[in-house]
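A quick write-up on the structure given underneath.
The values are calculated or read from the model by the stated rules, or taken from the named source; none is laboratory data. All figures in this text were calculated on a predicted structure; none of them were measured in a lab. A quick note on method: Cβ atoms are made from the backbone with ideal geometry, for glycine too, and the neighbour counts reach across all protein chains shown. Surface accessibility is based on the protein's heavy atoms, side chains included, excluding ligands, DNA and RNA. Shrake-Rupley method; radii C 1.70, N 1.55, O 1.52, S 1.80 Å.
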Amino acid sequence: MVQDRTSLPPTTGRGSDGAPRTPSGLSPAADGLLPEPALPGPFTPEPPTSAAGTGQAAGSAPDAPPADRPSTSASGAPEGDGTSGSATPSVSDTPPAKTAPILGTSPAEVVQASDTAAAAGDEVSGRAAAEDEVSGGVAAPLAGGGDAPPAPRTAGDGSGRESRKTVVARAAAAVAGGIALFLSFPPLGWWLCAPLGIALITGSLYGARPGRAAWLGYLGAAVFLFPALAWVRTIGDDVWFMLVGVESLFYAAMAALAALVFRLPGWPVWFGCLWVAMEWARGLVPIGGFPWARVAFSQGESLFTEYAALGGAPLVSFAVALCGALLAHAVLVRSRGWHRAVPVAAALAVPLLTLAIPRPGDEGRSVNIGIVQGNVPGRGMYALGDEPAVVLKNHANETKRLAQAVREGKLPKPDIVVLPENSTDIDPYSDEFARQIIQDSVRDVGVPTLVGAVVAIGDDERATRSLVWDPVTGPGAYYDKQNLVPFGEYTPFKEIVLALWERASLVGRQSVAGTKPGDLKLGPVTIGAVNCYEVAYDGTVRGTVRAGGTPLVVQTNNASYALSNLPPQQLAMSQLRAVEHNRAVVTAATTGISAYVTPDGKVSWQTRELVADMNVVKVPVRTQETLATKVGALPEWALMTMGAMAVGVAAWGGRRRGDRVRSD
């Protein structure tokens, strides 16, 4: 972004060395008012200069104007001459000062730079400038902070407000960034659009005050989330609007904090940390969080994917956000020559570095898994249809078709078979008819089978269960879903919600969350059972892998959202989990997309939607853990802590300078 020279403070004369002085007595370059190249190496504040060098010792009051030179007013014009011109120092008259590098400078060092500028007698005219500093404004960049935001273009009415064109440009960049983010997600999956979208959103926020940054962040998030979460419209447009409205608030809060850290050296790093913190908060609150549409889930198969093996989904999101922020830095921050190429090179290096990450090799063990997709009779909110047992019969019949194909030599014999979540719409514990249908189909295929069922718990509750069914002994061990879908499997604030929305009664019995990981002994392997919505939760999947689950088996029921963007988004999550934990992932869905994902994140086989289908796939059994599996949430917490420290340093530094200005 080109700095508006008309907003620069006036000079108060020249020192003995001929260099123009700012009101603080330092050279314009030392005050951070002129364009400065970002030099490599650690940041070192300039020591106080002698009177011979600048005409003023550090900490002393600025010199009075020379007797042969008229004094200047706050507007930069000589007092009493009746003009309103601005005295702007020439770039050629002022040697550039060293600045902080783009990366590698800790937030705490900015306090030292800030104190140096304050100790040198930095004076800011007017109450508005003081308020800018306290609120994180951009009117007075930090000394030594060559990448601090420039003064924004104002409306020209003396109010300090940005011009209409500037505001419109910011809004347009936020909208464009939101669209680009959406394009990076499946079904399109143009993953390069993710860093591009973040770069545009960063550009819309850079140099804005926190309040304006907040609504710009909200705008960009809404433009992104409305199409990304369009599958929610199946439940109702009102639910869709409310969900997007609530989730966008997290982006608004992140944007307001980003407006502060943009004043720090190395701000692309701190911006990436804040992005990770925002996605963490989204996955936590309200009512259990909603971690869908995290940037990492747009990178199911990209150059960024390999970061999942080091730090899970949070590190992937950080890498994408850092890449986008570095691209924005290259455009927004003034520099000359090769200095502008530094952030561009760093942005390119972020994804390319994954080529050097080693991947675990094959361990020489595999298992044949039969996958059954039985389809459902209905659509939308009534996908299971009006007639009982249709879904159950569909999956039982497709299981028998698989058994017949094996007998005819069309498919290899499976070691285990996996059915989807809700593959029976009748509780097999309480209904003998349902129990017998399942037993017949499992006996026909002849191997242990994982059945998906919703079972009663007492008179008023239920559980979404992954149930091991033996061809001889029947139902055995099970796993109950831990992360339940609000308003789909249980009703938060039940009394209020049921009184306001009749549709909430479709939930029926309230589901009870499980408390144990999904490691289940099934035939020759211990699978890691994950149910549908849970694949978006880092801790749930990680806990199942740590308990010994391999391969991972995702049972899902996407019948209500068939042909929307939900099934491909969920498949991309499975791809990321495969790389994150070095585990093959098998997905069985009622209506699709059923699939097999290799441990390196490649989709080896998948079904079409709204058809009955089955297959037997040969799946590697991996036991070696990745670094991400071992360290768990540690990288996420480290990044969030760094982001919080950066915000604290920026806010504290701004308050200290604001207090000094008011006292002067």
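Condition check ((1) hydrophobic (A, V, I, L, M, F, W, C); (2) in a helix (DSSP H, G or I)) across all residues:
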{"position": "PHE250", "(1), (2)": "yes, yes"}
{"position": "ALA277", "(1), (2)": "yes, yes"}
{"position": "PHE290", "(1), (2)": "yes, no"}
{"position": "GLY300", "(1), (2)": "no, no"}
{"position": "LEU303", "(1), (2)": "yes, no"}
{"position": "ALA309", "(1), (2)": "yes, yes"}
Exclusive hit being under 21 Å from SER184 (Cβ atoms), open to solvent by less than 10 Å² (accessible area, probe 1.4 Å) and not basic (Lys, Arg), set PHE250, PHE271, PHE262: PHE271
Go through the residues of segment 392-404 one by one and say whether even a single one is part of a loop (DSSP other than H, G, I, E, B) and open to solvent by less than 30 Å² (accessible area, probe 1.4 Å). no
Given the conditions (1) at pLDDT 95 or above; (2) crowded, with 22+ Cβ neighbours inside 10 Å; (3) within 26 Å of ALA405 (Cα to Cα), which single one is not true for VAL611? (2)
Determine whether GLU306 is surrounded by fewer than 21 Cβ atoms within 10 Å (Cβ to Cβ), acidic (Asp, Glu) and within 17 Å of the chain's Cα centre (by Cα). no
Would you confirm whether or not segment 357-364 contains a residue that is more than 19 Å from GLN575 (Cα to Cα) and out of contact with any Cys (no Cβ under 9 Å at 6 or more places or on another chain)? yes
For the structure I just gave you, tell me whether LEU571 is at pLDDT 95 or above, more than 19 Å from GLY283 (Cβ to Cβ) and under 24 Å from the mean Cα position of the chain (by Cα). yes
In segment 318-355, which residue that is at pLDDT 95 or above and of a type outside the set (A, V, I, L, M) is farthest from TYR206 (Cα to Cα)? THR354
Name the pairs whose Cβ atoms lie under 8 Å apart, with the first residue in segment 624-645 and in contact (Cβ under 8 Å) with a residue 24 or more places away in the chain and part of a loop (DSSP other than H, G, I, E, B), the second open to solvent by less than 70 Å² (accessible area, probe 1.4 Å) and of a type in the set (Lys, Arg), and 6 or more positions between them or separate chains? GLY632/ARG542
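Listed here are the residues, each with its yes/no results for (1) in contact with a strand residue (DSSP E or B) (Cβ under 7 Å, 6 or more places away or on another chain); (2) free of Cβ contacts under 8 Å to residues at least 12 places away in the same chain; (3) closer than 25 Å to ASN615 by Cβ; (4) open to solvent by less than 30 Å² (accessible area, probe 1.4 Å).
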residue: ASP425; (1), (2), (3), (4): no, no, yes, no
residue: ASP431; (1), (2), (3), (4): no, yes, no, no
residue: ARG435; (1), (2), (3), (4): no, no, no, no
residue: LEU450; (1), (2), (3), (4): yes, no, yes, yes
residue: ILE457; (1), (2), (3), (4): yes, no, no, no
residue: GLU495; (1), (2), (3), (4): no, yes, no, no
residue: ALA504; (1), (2), (3), (4): no, no, no, yes
residue: ARG509; (1), (2), (3), (4): yes, no, no, no
Mind checking which pairs have a first residue in segment 522-541 that is closer than 13 Å to VAL418 by Cα and open to solvent by less than 10 Å² (accessible area, probe 1.4 Å) and a second that is part of a helix (DSSP H, G or I) and of a type outside the set (Ser, Thr, Tyr), Cβ under 9 Å, 6 or more apart or different chains? GLY528/VAL541; GLY528/VAL545; GLY528/HIS581; VAL530/VAL541; VAL530/ARG577
I'd like the full set of residues that are surrounded by fewer than 20 Cβ atoms within 10 Å (Cβ to Cβ) and assigned to a loop (DSSP other than H, G, I, E, B), limited to segment 599-608. ASP600, LYS602, ARG608
